[in-house]
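One structure below.
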Amino acid sequence: LTGKPVIIENAQEDPRAQYPEEAKKEGIFTIVSIPMVIKGKVIGVLRMYTGERREFTQQEIDFVSSLAEMGAIAIENARIYERIRSDYESIMSDIYQYIGYRKSI
């Protein structure tokens, strides 16, 4: 992964397409793959498919790149939230165990 958008104008014939036969069966022609990047690391890919050959403008690529960036931020925020929640539960469990231990003395 290069971290840059990849545009495959003919997914049925381009060797970069993963599944050209499936693309043909599904009627997929053009694929735009935009990496979802956080802190320089690709964490996913946002893809768009079209049923006909289509050239995308730079403005369209920039727009979809913005969506991918927002999606990556949302995923990262969810991961951070889950880590904080897990840490909180662990700390609270330790506190409750300590309080219970102190009461038994």
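The values are calculated or read from the model by the stated rules, or taken from the named source; none is laboratory data. Remember, predicted model here, so these are calculated numbers, not experimental data. Glycine also receives a Cβ, built like all others from the backbone with ideal geometry; neighbour counts cover every protein chain displayed.
Give the residues of segment 51-92 that are polar (S, T, N, Q) and in contact with a Pro (Cβ under 8 Å, 6 or more places away or on another chain), sorted by residue number. Before the answer, list the steps.
Of all residues in segment 51-92, those polar (S, T, N, Q) come to 57-59, 65-66, 77, 86, 90.
Listed by number, the list holds a single entry, Ser65.
Condition check: without any contact (Cβ under 8 Å) to a residue 40 or more places away in the chain, on the phi < 0 side of the Ramachandran plot, loosely packed, with under 10 Cβ neighbours inside 10 Å and of a type in the set (Ser, Thr, Tyr). Does Thr2 satisfy that? Break it down into steps so the answer makes sense when it comes.
Numbers: without any contact (Cβ under 8 Å) to a residue 40 or more places away in the chain: yes; on the phi < 0 side of the Ramachandran plot: yes; loosely packed, with under 10 Cβ neighbours inside 10 Å: yes; of a type in the set (Ser, Thr, Tyr): yes.
Against the criterion (without any contact (Cβ under 8 Å) to a residue 40 or more places away in the chain, on the phi < 0 side of the Ramachandran plot, loosely packed, with under 10 Cβ neighbours inside 10 Å and of a type in the set (Ser, Thr, Tyr)), Thr2 qualifies.
Would you please name the residue that is farthest from Ile61 (Cα to Cα), looking only at residues in segment 6-44 that are of a type in the set (Gly, Ala, Ser) and within 23 Å of the chain's Cα centre (by Cα)?
Filtering segment 6-44 for residues of a type in the set (Gly, Ala, Ser) gives 11, 17, 23, 27, 33, 40, 44.
Narrowing the set further to residues that are within 23 Å of the chain's Cα centre (by Cα) leaves 11, 17, 23, 33, 40, 44.
Values: Ala11: 18, Ala17: 19, Ala23: 21, Ser33: 10, Gly40: 19, Gly44: 17 Å.
Ranking the qualifying residues of segment 6-44, first place goes to Ala23.
Need pairs with beta-carbon distance below 8 Å; first residue more than 25 Å from Val37 (Cβ to Cβ) and within segment 77-102, second at pLDDT 90 or above; sequence gap 6+ or separate chains.
From segment 77-102, no pairs qualify.
Can you give me the number of residues within segment 49-61 that are surrounded by 12 or more Cβ atoms within 10 Å (Cβ to Cβ) and in a helix (DSSP H, G or I)? Outline the logic, then answer.
Taking segment 49-61 as the starting set, the residues that turn out to be surrounded by 12 or more Cβ atoms within 10 Å (Cβ to Cβ) are 49-50, 54, 56, 60-61.
Applying the additional criterion that residues be in a helix (DSSP H, G or I) yields 60-61.
Going through segment 49-61 one residue at a time, the tally reaches 2.
Give the residue, chosen from Tyr49, Tyr98, that is over 30 Å from Ala11 (Cα atoms) and of a type outside the set (Val, Ile, Thr).
On the way: Tyr49 fails: over 30 Å from Ala11 (Cα atoms).
It is Tyr98.
Name the residue that is modelled with the lowest pLDDT, counting only residues in segment 1-48 that are assigned to a loop (DSSP other than H, G, I, E, B) and either in contact with a Gly (Cβ under 9 Å, 6 or more places away or on another chain) or of a type in the set (Ser, Thr, Tyr) (or both).
If we filter segment 1-48 for residues that are assigned to a loop (DSSP other than H, G, I, E, B), which is where we start, we get 1-5, 9-19, 27-29, 39-40.
Keeping just the survivors that are either in contact with a Gly (Cβ under 9 Å, 6 or more places away or on another chain) or of a type in the set (Ser, Thr, Tyr) (or both) gives 2-3, 19, 27-29, 40.
Values: Thr2: 71, Gly3: 79, Tyr19: 84, Gly27: 92, Ile28: 93, Phe29: 92, Gly40: 91.
Restricting to residues being assigned to a loop (DSSP other than H, G, I, E, B) and either in contact with a Gly (Cβ under 9 Å, 6 or more places away or on another chain) or of a type in the set (Ser, Thr, Tyr) (or both), the top hit is Thr2.
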